[in-house]
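Let me begin by presenting the structure, written as structure tokens, before commenting on it.
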Amino acid sequence: MPANPPSQLTLGVTLDDNATFENFLIAESNQQAVACLSDPAQQQQLVAIWGSHDAGLTHLLQAACHQQALEQRNALYLPMHDKANLHPEILEGANTLSLVCLDNVELIAGDAAWEAALFTAFNAIKDSDTQLLLAMNTAPAALPIQLPDLRSRLQSCLVFQIGALNDHEKLQALQLRAKNRGMELNDAVAEYILQRADRSSRALMQILDQLDATSLSQRRRLTIPLVKSTLGW
């Protein structure tokens, strides 16, 4: 089935509707972290997750926002790679929301205005019922944050490292995503894709998008010949 149009938050920040916990393959090393993010009984107020660009941090933050929306609660997702189009004042009143997610936190390091805004928001959130979820490419203690008080606040979070999937898990992730789209992707076809494609999770999911569209338009099952003709392999 075709992907739904992305959800739209206020302030013009979009979410990928496919970024849900159901679409996230949980490696054994990530089970505790994902449970903390997805299970209301295990959630903590201040959480920082970190890992490589292919670990799925953005997916997890957006999945947390989608879960809040399903519960009819307000969430805010802010990708700091887009901070040139945002303003630090956007964090004012963050403590009135159910969930605030900041992605790519490493990109505010050395930016005095954003560091001050996050410090102020952090203090307000800590004294509220709001949950704060931060994602970054390194452990909080290793971030080159200039504001000492913000450094200490970040290090007070519950911290999880999110490990990237190995090749076998990426194959399983492809099959999981295909199944959730109503497609059957058998082992042979999945292995064929994995052997020839860029193995980053983002690239693999883009390939699945292409195959989904072709399969629907041609009314054909996912087979190796279909993969070859669609991707030119």
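The values are calculated or read from the model by the stated rules, or taken from the named source; none is laboratory data. What you are looking at is a predicted structure, and each value in this text was computed from that prediction instead of being measured. Glycine gets a Cβ as well: all are built from the backbone with ideal geometry, and neighbour counts include every protein chain shown.
Structure notes:
- Put simply, of Leu222, Leu204, Leu176, Leu194 the only residue that is part of a helix (DSSP H, G or I) and more than 25 Å from Leu61 (Cβ to Cβ) is Leu194.
- The one condition in (1) modelled with pLDDT of 95 or more; (2) under 23 Å from Ala48 (Cα atoms); (3) hydrophobic (A, V, I, L, M, F, W, C) that Val189 fails to fulfil: (2)
- Number of positions in the range 1-27 that are modelled with pLDDT of 90 or more and either surrounded by fewer than 11 Cβ atoms within 10 Å (Cβ to Cβ) or not assigned by TED's automatic domain parsing to the domain that holds Leu78 (or both): 0
- Among the residues of the range 147-174, those identified as farther than 30 Å from Leu194 by Cα and in contact (Cβ under 8 Å) with a residue 40 or more places away in the chain are Leu154, Ser156, Cys157, Leu158, Val159.
- Residues in the range 121-146 that are in contact (Cβ under 8 Å) with a residue 12 or more places away in the chain, over 16 Å from Ala33 (Cα atoms) and outside any loop (DSSP other than H, G, I, E, B): 7 in all.
- Within the range 34-57, the set of residues being buried (at least 18 other Cβ atoms within 10 Å of the Cβ), within 21 Å of Ile125 (Cα to Cα) and touching a strand residue (DSSP E or B) at 6+ places or on another chain (Cβ under 8 Å) comprises Leu37, Leu46, Val47, Ala48, Ile49, Trp50.
- Taking the criterion of being under 16 Å from the mean Cα position of the chain (by Cα) and farther than 30 Å from Thr120 by Cα, the residues of the range 149-169 that qualify are Gly163, Ala164, Leu165.
- Leu171 modelled with pLDDT under 95, under 20 Å from Asn18 (Cβ atoms) and either in a helix (DSSP H, G or I) or touching a Cys at 6+ places or on another chain (Cβ under 9 Å) (or both): yes
- Top-ranked residue of the range 78-120 - restricted to ones that are in contact with a helix residue (DSSP H, G or I) (Cβ under 6 Å, 6 or more places away or on another chain) and not in a helix (DSSP H, G or I), ranked as nearest to Ser52 (Cα to Cα): Asn104
- Hey, Asp212 modelled with pLDDT under 95 and exposed (fewer than 13 other Cβ atoms within 10 Å of the Cβ) or not: no
- Scanning the range 176-209 for residues that are closer than 18 Å to Arg220 by Cβ and not small (Gly, Ala, Ser) yields Lys179, Arg181, Met183, Glu184, Leu185, Asn186, Val189, Tyr192, Ile193, Ile207, Leu208, Asp209.
- A count restricted to the range 24-48 and to residues that are of a type in the set (Val, Ile, Thr) and without any contact (Cβ under 8 Å) to a residue 40 or more places away in the chain stands at 2.
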